[in-house]
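The values are calculated or read from the model by the stated rules, or taken from the named source; none is laboratory data. Note that the structure is a prediction, hence the values are computed from the model and not measured. As a convention, Cβ positions derive from the backbone with ideal geometry for all residues, glycine included, and neighbour counts pool all protein chains shown. For the accessible areas, the whole protein counts, side chains as well, though only heavy atoms, and no ligand, DNA or RNA atoms are used. Shrake-Rupley method; radii C 1.70, N 1.55, O 1.52, S 1.80 Å.
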Amino acid sequence: MPVEYLSADQEARYGRFATEPSPGELEQFFRLDKKALGLARAKRRPATRLGWAVQWGTVRMLGTFLTEDPMAVPAAAVRFVAEQLGIDDEYFTEYSTRAHTAYEHAWEIRDEYGYRDFAAGEAELRGFLAARVWSSLRGRALCSTGRWCGW
């Protein structure tokens, strides 16, 4: 993802949990809805059920998957998800035994929820933003004073 517009601090925090999620953030991002609960429960092993559900919450909160280090999730988030699934949060330690599993789960979540990589939607986003700027500036122009003036 392009990061030229981020400060050094923002770039260092991107794609990581800077702090433990608050109770409100856990509810907002890690509360499994009916669809997510069904998809997670369809996994064969407790570790993959829990890992899938944690990945689902992670992408919702951070905007990215933790495929390189799927274990870099705060314990509070793992516990919160495990309670919803009715399994022990200790199973999460087994999630990274097969490295490819995190990628497979990320691909599945992308397909199920319509997520896509930023690069795939960048041109569309730029077009949308340009149209918004154009429509908000229509009928106005910069005067010689450098301020916006009506036509």
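The rows are residues; the columns are (1) modelled with pLDDT of 85 or more; (2) in a helix (DSSP H, G or I); (3) surrounded by fewer than 19 Cβ atoms within 10 Å (Cβ to Cβ); (4) among the aliphatic types (A, V, I, L, M).
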site	(1), (2), (3), (4)
V54	yes, yes, no, yes
M61	yes, yes, yes, yes
A77	yes, yes, no, yes
Q84	yes, yes, yes, no
Y103	yes, yes, yes, no
I109	yes, yes, no, yes
A123	no, yes, yes, yes
L129	no, yes, yes, yes
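In the range 55-82, the residues that are over 20 Å from R98 (Cα atoms) reach residues that are open to solvent by 50 Å² or more (accessible area, probe 1.4 Å) and not in a loop (DSSP other than H, G, I, E, B) with C-beta atoms within less than 7 angstrom, at least six apart or across chains, in these pairs: M61/E25. Scanning the range 29-47 for residues that are in contact (Cβ under 8 Å) with a residue 24 or more places away in the chain and open to solvent by 20 Å² or more (accessible area, probe 1.4 Å) yields a count of 8. Of all residues in the range 86-101, those satisfying the criterion of being surrounded by fewer than 14 Cβ atoms within 10 Å (Cβ to Cβ) and in a loop (DSSP other than H, G, I, E, B) are G86, D88, R98. For P21, the criteria (1) open to solvent by 70 Å² or more (accessible area, probe 1.4 Å); (2) not in a helix (DSSP H, G or I); (3) not hydroxyl-bearing (S, T, Y) hold in every case but one, which is (1). Listed by first and then second residue, the pairs with beta-carbon distance under 9 Å, at least 6 apart or on different chains, first residue in the range 97-111 and within 18 Å of L37 (Cβ to Cβ), second open to solvent by less than 70 Å² (accessible area, probe 1.4 Å) and aromatic (F, W, Y), are H105/W52; H105/W56; H105/F65; E108/W52; I109/W52; I109/W56; I109/F65.
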